[in-house]
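K.L.:
So that we are looking at the same thing, I have put the structure below in structure tokens.
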Amino acid sequence: MANRKHEQWLKNLALAQERAEGAIITPDNELGDEAPSRSQLKRESAAVQELGEELCKLPGQVLIDLGVDEELREAIIVWQKTASHEGKRRQMQYVGRLMRNVDTRRLFTAWQKFKADGAASAKALHEIEELRQRLIDNAPGVWSEVFSKFPDIDKHELEQLVKEAREEQKTGKPPRAFRAVFRFLREAGGIRA
């Protein structure tokens, strides 16, 4: 059900962009008949508004990276700083109005790429966490996996960190080396936090 709703949202977003560009020519428009229904226009407007809401969840630097224009970015930052419910609602309407004047297709594509990159990064971090735990548990074949995955890794330093992490776990000390193993593997993999 959620996938179907998502597909409809994408369709409405695309229609709103095409309508804003003046690219939609329907048989009705060619004959000079009625414009699209009010319901369809509301659906398209809601899709653009929803994209604006998704953009409001992002930090300012990400908005710059996505290429959000300055006026819209400032409106989003004001929304993020607003505390009252009614103030947020009104500011969101303003963000939605500004969204009518931007290339929603480009913004949507950039937002999707940002989300996909974040998901890939999170997956890579989870794999590093799992690898760290297997190193500390001394799972069979884990060392050869690490050395094949990271051929340029400083083997001696990693072995020393893992040894210290095991000692920390035995003695109940704070997990300084445990965290250091994670950072070491993350940097070896070139993954940003």
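The values are calculated or read from the model by the stated rules, or taken from the named source; none is laboratory data. All figures in this text were calculated on a predicted structure; none of them were measured in a lab. Ideal geometry is used to build each Cβ from the backbone, glycine not excepted, and the neighbour counts take in all protein chains shown. Remember, those area values only see protein heavy atoms, side chains included, never the ligands or the DNA or RNA. Shrake-Rupley method; radii C 1.70, N 1.55, O 1.52, S 1.80 Å.
K.L.:
Would you confirm whether any residue within the range 132-145 is loosely packed, with under 13 Cβ neighbours inside 10 Å and within 25 Å of the chain's Cα centre (by Cα)?
P.N.:
no
K.L.:
Which pairs turn up if I take residues in the range 177-191 that are within 16 Å of H126 (Cβ to Cβ) and look for partners that are among the hydroxyl-bearing types (S, T, Y) with beta carbon separation below 8 Å, at least 6 apart in sequence or on another chain?
P.N.:
Partner pairs satisfying both residue conditions: I191/S121.
K.L.:
I need every pair where a residue in the range 112-126 that is under 15 Å from I191 (Cα atoms) and among the hydrophobic types (A, V, I, L, M, F, W, C) has its Cβ under 8 Å from the Cβ of a residue that is in a helix (DSSP H, G or I) and modelled with pLDDT under 85, sequence separation at least 6 or different chains.
P.N.:
Within 8 Å, the pairs are A124/G189.
K.L.:
Looking at the range 64-81, I want the residues that are touching a residue at least 12 places away in the same chain (Cβ under 8 Å) and have a partner that is surrounded by 14 or more Cβ atoms within 10 Å (Cβ to Cβ) and assigned to a loop (DSSP other than H, G, I, E, B) with Cβ atoms under 7 Å, at least 6 apart or on another chain. Which pairs are those?
P.N.:
Note: pairs meeting the criteria are D69/V102; L72/V102.
K.L.:
If I ask for residues that are in a helix (DSSP H, G or I), surrounded by 13 or more Cβ atoms within 10 Å (Cβ to Cβ) and not β-branched (V, I, T), which ones from the range 69-89 would you list? Spell out the reasoning first.
P.N.:
First pass over the range 69-89, keeping only residues in a helix (DSSP H, G or I): 70-81, 85-89.
Retained after the next criterion (residues that are surrounded by 13 or more Cβ atoms within 10 Å (Cβ to Cβ)): 72-80, 87-88.
L72, R73, E74, A75, W79, Q80, G87, K88 - these are the residues of the range 69-89 that are in a helix (DSSP H, G or I), surrounded by 13 or more Cβ atoms within 10 Å (Cβ to Cβ) and not β-branched (V, I, T).
K.L.:
Among the residues of the range 168-185 satisfying the criterion of being out of contact with any Pro (no Cβ under 9 Å at 6 or more places or on another chain) and open to solvent by 90 Å² or more (accessible area, probe 1.4 Å), which is nearest to Q133 (Cα to Cα)?
P.N.:
Let us first name the residues in the range 168-185 that are out of contact with any Pro (no Cβ under 9 Å at 6 or more places or on another chain), namely 170-185.
In the following step, the residues that additionally are open to solvent by 90 Å² or more (accessible area, probe 1.4 Å) were identified as 170, 173-174, 176, 179, 183.
On the way: K170: 14, K173: 17, P174: 16, R176: 14, R179: 11, R183: 13 Å.
Among them, the one singled out is R179.
K.L.:
Identify, by number, the condition in (1) open to solvent by less than 40 Å² (accessible area, probe 1.4 Å); (2) hydrophobic (A, V, I, L, M, F, W, C); (3) assigned to a helix (DSSP H, G or I) that V102 doesn't meet.
P.N.:
So the condition that V102 fails would be (3).
K.L.:
Still on this model: Within the range 156-167, count every residue that is among the charged types (D, E, K, R) and open to solvent by 100 Å² or more (accessible area, probe 1.4 Å).
P.N.:
1
K.L.:
Right, something else. Return yes when F147 is touching a residue at least 40 places away in the same chain (Cβ under 8 Å) and touching a helix residue (DSSP H, G or I) at 6+ places or on another chain (Cβ under 9 Å) and no when it is not.
P.N.:
So F147 does not fit the description; no.
K.L.:
So, in the range 13-54, exactly how many residues are β-branched (V, I, T), over 16 Å from V102 (Cβ atoms) and either touching a helix residue (DSSP H, G or I) at 6+ places or on another chain (Cβ under 6 Å) or at pLDDT 70 or above (or both)? Please lay out each step first, then the result.
P.N.:
So the first thing to find is which residues in the range 13-54 are β-branched (V, I, T), and the list is 24-26, 48.
In the following step, the residues that additionally are over 16 Å from V102 (Cβ atoms) were identified as 24-26.
Narrowing further to those that are either touching a helix residue (DSSP H, G or I) at 6+ places or on another chain (Cβ under 6 Å) or at pLDDT 70 or above (or both): 24.
Residues that pass the stated criteria total 1.
K.L.:
Name every residue in the range 34-68 that is open to solvent by 70 Å² or more (accessible area, probe 1.4 Å), under 19 Å from F114 (Cα atoms) and not in a helix (DSSP H, G or I), in order of residue number.
P.N.:
Once the filter is applied, which keeps residues that are open to solvent by 70 Å² or more (accessible area, probe 1.4 Å), under 19 Å from F114 (Cα atoms) and not in a helix (DSSP H, G or I), the range 34-68 yields K57, P59.
K.L.:
To continue, here is another question. Could you list all residues from the range 121-131 that are open to solvent by less than 60 Å² (accessible area, probe 1.4 Å) and under 13 Å from the mean Cα position of the chain (by Cα)?
P.N.:
Within the range 121-131, S121, A122 meet the criteria.
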